[in-house]
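What follows draws every value from the coordinates through simple rules; no lab data is involved. These numbers come from a predicted model, not from an experiment. Glycine also receives a Cβ, built like all others from the backbone with ideal geometry; neighbour counts cover every protein chain displayed.
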Amino acid sequence: MARIHSLITVAAVVALAGCSAIGTDDPDPSASGGTVTLVTHDSFGLSDGLLDAFEERSGLTVEVVQQGDAGTLVNQLVLTKDAPLGDVVFGIDNSFASRAVDEGVVAPTTQPGAFEDALVPIDFGDVCINVDHTWFAEQGLAEPVTLEDLTEPEYKDLLVVPNAVTSSPGLSFLLATIGAFGEDGWQDYWAALKANGLKVADGWTDAYYTDFSGGGADGPRPIVLSYASSPPYTVPEGGTEPTTGALLDTCFRQTEYAGVLEGAANPTGAQEVLEFLLSDEVQDDIPVSMYMYPVSPSATLPEEWTEFAPLATDPFEISPEDISANREAWLAAWSETVIG
Amino acid sequence: MSVLTPTRSDAPTAVGASGRARVAVFWSLAVAVPLVFLGVFFVWPVAVMIAKGFVVDGHLDLGGFADVFSRPRTWRIVGLTLAQATLGTVLSVLLGVPGAYVLYRHSFRGRSFLRAFVTVPFVLPTVVVGVAFRSLLVSGGPLGFLHLDGTFAAIVAALVFFNYAVVVRAVGGLWERLDPRAEQAARALGASPWKAFRTVTLPALTPAIASAASLAFLFCATAFGTVLVLGGLQFGTIETEIWVQTTQFLDLRAAAVLSVVQLVVVAGTLVVAGRSRSRREQALGLTLPSASVRPLRLRRPAGMPPGDGHALTLVATSVTALVVLLLALPLVNLVVRSLRTGDGWGLDHYTALGTTGGALTVTVWQATLNSLRIALDATLLALVVGGLVALVVSRRPRRAVGRRAVAGLDALFMLPLGVSAVTVGFGFLLSMHHPFGLPVDLRTSPLLVPIAQAVVAVPLVVRVVLPVLRAIDPRLREAAATLGARPGRVLRTVDLSIAARSLGLAVGFAFAASLGEFGATSFLARPDRPTLPVVIFRLIGRPGPDSYGMALAASVVLAVLTAGIVAACERLRAPGAGGEW
């Protein structure tokens, strides 16, 4: 009896092993020259079929390797630059661009408009304070407009932002305040925010979906840090207007770059992918799949975006060099002021 | 190793010698295979990563220690890590032991469902649990009146949420096999039920409790997402600090120092746990679960006198009922939120699981299949490696050197639970390109993911199987040998057949750990086959309410899947045949 049982167990294990992951690796595409590896962050994505169509057209096989958030991505590329993880990178933003270039992670390019002749801008977006129109209408309170407004007593305990150390939009908002108040003034501003009941959440998801009142979960706070492109997604079913809006005088502009990796095994393929990212089909898809604005002026934006997601006319800006030189010091000072 | 075969002196020498040789080869392999596995896939990557922080331009630079230790923040972080882990562990044990008693010593309707149910929190992605917890605690939420949002208490509560199952399963696994006659004898001699529990049962359970506590402590001490989501950086731990220093600041020097600190804390824990375990470990009268399990009765059975221990059962049952209720709250919240669509309710997010949500590289169902396949490989690997480790560690060599070596081996295989996933993940990236000069790039190979998960699952297998193996009465082996069984046969018929009984529990545990693993895996996830937790993480971080809803629905799928598999494994371990012991 016991023997029969163990036989059954063995048979079951062998049968299950048939569907194991190790045994079923697809054969590698015939030539290694036909494969190109795109290294990117967790938020990368394209609509169904786009990448397949590109593969078919170009004869390339594209492997997408996704490695954590933008900071993790760049730091991993720096650590592995002697044996790169792939051929082309997408998703290095302006807060990490200088580090990537200084460390020699990306190869020079002749593409016009490239940052330091190496990183090609692909898309951009504005990180802005968002407000819940419904909440303010119900309370009969005027909405804030500027960064300074947020420190006013009538907005006490109403703001939630993601952590600048652990979240990339959080860092962008810190940079917006540095751009607005300068090296000498930004810490005082944050101290005033803190005194006015600022809430720091871990990440954007947490802030928007748990703490924010307009994110669908009826959180307690009506002011949140999010994107200029967030409001269109709060148009209620059957409604015509979004229930939230972005404050365009509080924005920081994030730009995302792509580049061919130094030491790429397939630099030609990498260049083709880079051009694919700039093609109209991808540029048109970027708002839909990655919630960013395409760099190409000829790209078409979704209708809700042109209507409800205008860009800031004059966003705060800090040069990538400045960010790279000061990021750690700024974050340390920010932690000290805000987290304690 | 030390099995004597006194009656075999008359056997032909050739057979005896070759038999002994075979046994020697077996034991050498049993030690060597796990060591090589751990060495290549854990020790080496971690060493490479830590060395990167200490070796600057070819010179050893230990200045990082002075630097990091002079920051007051470092000391606060070490203190917070210890405080969180200690509180989380103590509470998990205090609540988990009554849970083990109710769920493994009693039979009642729905018991297998409850056993599987309490395991669910253990595998849920922390980011999802964070959302489920915080939306309960946030002011205006169902539990907002407790004012726990963003507090130390909320973090400890979440740690207990994750680790309750660890204690219940590890302790329950031994308890249900404990021969009740010892306790009955104590009662017959006049001991009160509480005294009988304290003096007979509790000492017998101590090794399993120490085992479970050390696991829980390691899980708590390396908790990452829970701490960040629920408490933020003001309650930062060594683990969160390593993550910040490595992935955001690229300060490898500070990260390396913190990794060493983490190793010291973990090693200290293991030494303490090992001591309290071995002092108590003894051969126990084990029995079949069916012999020790009684039906759960809330009303005192007719004819039973007062003072029969019914009060203890009632207390344990109420505590367990309360805990189950508390575990259910965030889970129910998760299910409710996954059903919320635009303006109403519906299954839209579940239907969407068949799609890529517009931007994933695979559909959620494909990711689920990937997870299952990878978990299968990881579980098989963990069973082989962990089984061998447990077998070796269960021996009690006569010489002190041997005993120390065995204890060291035991502790060594626990380390993967106590070392930062970031250190391991980055270590893989640094060490697995052409490892040992071999012309392969393992960094993005499909092989590495199940291996990385197995490294984490091995200690779980060891901790579940070991208490059972150690409790085997040595006389059983001697008896088998006396009856003429060769060493190999003794091993097969005594050790392996008894260990196989705890296999179902170990398989379930390893499978669950692998399914939920989201540490090192997130750094390795193969391009074309991300796992379910990785996909959930990507979905939940994307703007747009549909991705968020999909992430919650996918988490419910992960929870149901885990519960189903754990329940199935529980059945696997109760074979009708048997009774050899």
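Here residue A:156 and residue B:404 are evaluated by their C-beta separation; at R0 = 56 Å the FRET efficiency comes out at 0.35.
Our note on the geometry: Cα centres of the range B:371-409 and the range A:282-340, 50 Å apart.
If R0 equals 22 Å, the separation of the Cβ atoms of residue B:396 and residue B:184 corresponds to a calculated FRET efficiency of about 0.15. Only helical runs count toward this figure. For the protein assembly as shown, summing -39,500 (n - 2.57) over DSSP H runs of n ≥ 4 and dividing by all residues gives -18000 deg cm²/dmol at 222 nm.
Compared with the direct C-alpha span, the chain from residue B:355 to residue B:294 gains 17.2 nm at full extension, assuming 0.36 nm per residue. With the simple model of a label 7 Å out from the Cα in the direction of the Cβ, residue B:113 to residue B:76 spans 4.7 nm.
Would you mind classifying chain B by shape? Square roots of the alpha carbon gyration tensor eigenvalues, ordered a ≥ b ≥ c; an a/c under 1.5 is rounded, otherwise it is prolate if a/b is larger than b/c and oblate if not. Walk me through the numbers before you get to the answer.
On the way: a/c = 1.62, a/b = 1.18, b/c = 1.37.
It is oblate, given that a/c is not under 1.5 and a/b is not larger than b/c.
Label positions at residue B:362 and residue A:195, each projected 7 Å from the Cα along the C-beta direction, are separated by 5.4 nm.
Placing a label point 7 Å from the Cα of residue A:57 along the Cα-to-Cβ direction, the residues of the range A:267-290 whose backbone N falls under 19 Å of that point are A:268-290. A straight Cα-to-Cα reach below 20 Å connects residue A:199 with the aspartates and glutamates A:132, A:143, A:148, A:149, A:152, A:154, A:157, A:188, A:211, A:218, A:336, B:149, residues fewer than 8 places away in its own chain not being considered. Among A:155, B:104, the ranking by other beta carbons within 10 Å of each residue's beta carbon, starting with the fewest, stands as A:155, B:104. Taking the charge dipole of the range A:103-180 about its Cα centre, with +1 at Lys and Arg Cβ atoms and -1 at Asp and Glu Cβ atoms, the residue from A:131, A:171, A:107 reaching farthest to the positive side is A:107. Note on residue B:83 and residue B:20: the model spin-label points, each 7 Å out from Cα along the C-beta direction, lie 6.0 nm apart.
Of the residues B:228, A:251, A:290, the one whose Cα sits farthest towards the positive end of the charge dipole of the protein assembly as shown is B:228 (charges of +1 on Lys and Arg Cβ, -1 on Asp and Glu Cβ, taken about the Cα centre).
What helices in chain A pass both tests, a Cα length along the helix axis of 20 Å or more and a mean Kyte hydropathy of 0.5 or higher, using whole DSSP H runs?
On the way: long enough: A:2-17 (22 Å, 1.81); A:168-195 (23 Å, 0.28).
Qualifying helices, which must be both long enough and hydrophobic enough, are A:2-17.
Run the reach check for residue B:52 against lysines, Cα to Cα strictly under 24 Å, same-chain hits fewer than 8 apart removed. What comes back? Of all the lysines, those that pass the test against residue B:52 - Cα under 24 Å, at least 8 places apart if same chain - are A:81.
Put in line by how crowded their Cβ is, counting other Cβ atoms within 10 Å and starting with the fewest, A:218, B:343 read B:343, A:218.
What do you get for chymotrypsin sites (Phe, Trp or Tyr not before Pro) in the range B:357-434 restricted to DSSP loop and a cutoff of at most 11 other Cβ within 10 Å of the site's Cβ? Here no loop site has a sparse enough neighbourhood. Simple rule: put +1 on each Lys or Arg Cβ and -1 on each Asp or Glu Cβ in chain B, find the dipole, and look at B:165, B:237, B:543; the Cα lying farthest toward the positive end is B:165.
Summing charges over all other residues whose Cβ lies under 13 Å from the Cβ of residue B:379, with Lys and Arg as +1 and Asp and Glu as -1, gives -1. The range B:74-109 and the range A:65-117 have Cα centres separated by 44 Å.
Each listed q (0.10, 0.12, 0.17 Å⁻¹) maps to a log10 I(q)/I(0) for the range B:384-493, found by the Debye formula over equal Cα scatterers with no solvent: -0.44, -0.60, -0.91.
Between residue B:438 and residue B:275, the FRET efficiency estimated from the beta carbon spacing at R0 = 51 angstrom works out to 0.80.
Put the Cα centre of the range B:185-246 next to the Cα centre of the range B:522-567 and the gap is 28 Å. When B:361, B:151 are sorted by how many other C-beta atoms sit within 10 angstrom of their C-beta, beginning with the fewest, the order is B:151, B:361.
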